[in-house]
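Taking it in order: structure first as structure tokens, then the write-up.
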Amino acid sequence: MTPSHAPTVLGPAGGPALLDEAGVRLTGRGTLVRVVEAWGTVITLEAALRPGTPVDAELAARAGKAFDACQAEMARIDRLLSTYRSDSLITALRTGGCREEDLALEGDELAVRSVLEECRRLRALTGGSFDPWSVPGGVDPSAYVKGWGAGGFALILTQALGGDPAWSGPVTGVCVNAGGDVSVRGTRADGSPWTVGVRDPGDPSRILRVIEATEGHVATSGLYERGEHIVVAPLRQGRAESGRVPRSATVWGPDDGMADALATALFVDGRAGADWLRRVMDSDLGVGRRRSRWGAWVVEECGAWRLGETDSLVQAAGPRPHGA
């Protein structure tokens with residue numbers, strides 16, 4: 001972005017001080033950002049500004065309130081669904097403190113019911129490869145919740161900052177990065193799609209592939225961040241000699257929580273998961289849509305494979321051999 005296109009900080013609060021007051025940081029790439037430590041990881045909330053947008057007190061306050069709302073939702077989700085909290089509702093279900101059938105059909109308890117119902121649907125869809133009930137200690141929906149939550153935060157930011165009609169105001173798009181799982185809406189400041197890099201499982205500092213997105217979620221499953229919720233199937237042992245053991249699985253699509261869960265299942269299943277993933281892709285086709293919004297890229301010990309449209313990808317490089 002050239003200096004002439006960069007946002008300028010104006011307003012009665014005295015330049016950057018108004019951003020500090022709102023708990024917002026202005027980046028050199030023309031975005032308003034807040035970084036939050038939550039859920040045992042780092043969550044980045046980002047709103048892209050149209051080139052030349054003056055960041056005045058009103059805009060800074062709006063962004064700050066939107067980020068505050070996201071943090072409040074993070075706290076609510078943690079209180080309901082964190083397996084690390086002894087006082088969470090999911091812990092009560094895991095330890096027998098309450099039963100799922102006794103949960104209310106409204107409010108927070110309905111939210112937990114809905115999450116578990118969606119997890120059951122995805123368990124059936126993947127033939128059991130995504131199975132929160134197979135985790136030692138009781139049900140653990142973490143592999144769905146992070147993507148679902150990130151999508152919720154993106155919705156909060158869109159509703160608060162996106163304008164009416166969408167993206168007609170100073171904000172062109174939003175991005176939520178929840179520990180490597182990314183939800184986006186709209187575009188970057190220059191009007192181009194958001195780009196999400198897929199890291200090399202053997203060298204996380206190296207980007208293997210970059211995925212473009214303007215609407216939806218990109219989730220990568222492996223052991224990069226917090227992978228203890230993944231139960232590795234014994235079938236993976238039989239793939240080791242052929243070099244087909246997945247080292248990471250990336251799924252992108254329009255449903256945030258579903259993308260997160262499917263990435264976990266594909267990491268467990270490897271190539272066997274291509275059958276159910278194709279069914280997901282086919283189900284997205286319909287009137288006016290000839291190409292599925294779903295796709296995947298899986299890194300194995302000795303190569304990589306992909307399902308989905310090649311024009312969803314900007315650049316690619318071969319995986320580095322394990323230990324190199």
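Read-outs: derived from the displayed coordinates by stated rules, not from any lab. Because the structure is a prediction, the values reported are computed rather than measured. Every residue, glycine among them, receives a Cβ derived from its backbone with ideal geometry; neighbour counts consider all protein chains shown.
Taking the number of other C-beta atoms within 10 Å as the exposure measure, put Thr44, Thr126 in order starting with the fewest. Don't skip to the end; give the middle numbers.
Details: Thr44 15, Thr126 21.
Least to most surrounded, the residues fall as Thr44, Thr126.
Taking the Cα centre of each part, how many Å lie between segment 80-108 and segment 125-170?
Between the Cα centres of segment 80-108 and segment 125-170 lies a distance of 19 Å.
What net charge is computed for the residues neighbouring Gly30, neighbours being all others with C-beta under 15 Å from the C-beta of Gly30, Lys and Arg scored +1, Asp and Glu -1?
Numbers: positive: Arg25, Arg29, Arg50, Arg188; negative: Glu46, Asp190.
Net charge around Gly30: +2.
Lys and Arg at +1, Asp and Glu at -1: add these up for the other residues within a Cβ distance under 12 Å of Ala66 and post the number. Could you put the intermediate results ahead of the total?
Details: positive: Arg34, Arg62, Lys65; negative: Glu46, Asp68, Glu73.
Result for the neighbourhood of Ala66: 0.
Quick one: if the Förster radius is 56 Å, what FRET efficiency do Ser205 and Leu285 give, using the C-beta to C-beta distance and rounding to 0.05?
Working: r = 38 Å, r/R0 = 0.67.
Efficiency computed from Cβ-Cβ geometry: 0.90.
Which of Trp133, Trp252, Trp167 has the fewest other C-beta atoms within 10 Å, and how do the rest follow up to the most?
Details: Trp133 13, Trp252 26, Trp167 21.
Ordered from fewest to most neighbouring Cβ atoms within 10 Å, Trp133, Trp252, Trp167 come out as Trp133, Trp167, Trp252.
Using DSSP to define loop residues, name the trypsin sites (Lys or Arg not before Pro) in segment 76-137 whose beta-carbon has at most 16 other beta-carbon atoms within 10 Å.
Details: sites: Arg76, Arg79, Arg85, Arg94, Arg99, Arg113, Arg120, Arg121, Arg123; in loops: Arg85, Arg99.
Answer by residue number: Arg85, Arg99.
Treat the count of other C-beta atoms within 10 Å as a stand-in for reagent exposure and order Asp56, Asp102, Asp269 from fewest to most.
Least to most surrounded, the residues fall as Asp102, Asp56, Asp269.
How high is the relative contact order of segment 54-181, in percent, with contacts defined as C-alpha pairs under 8 Å that are six or more residues apart?
Details: 110 pairs, mean separation 29.4, N = 128.
Rounded, it is 23 percent for segment 54-181.
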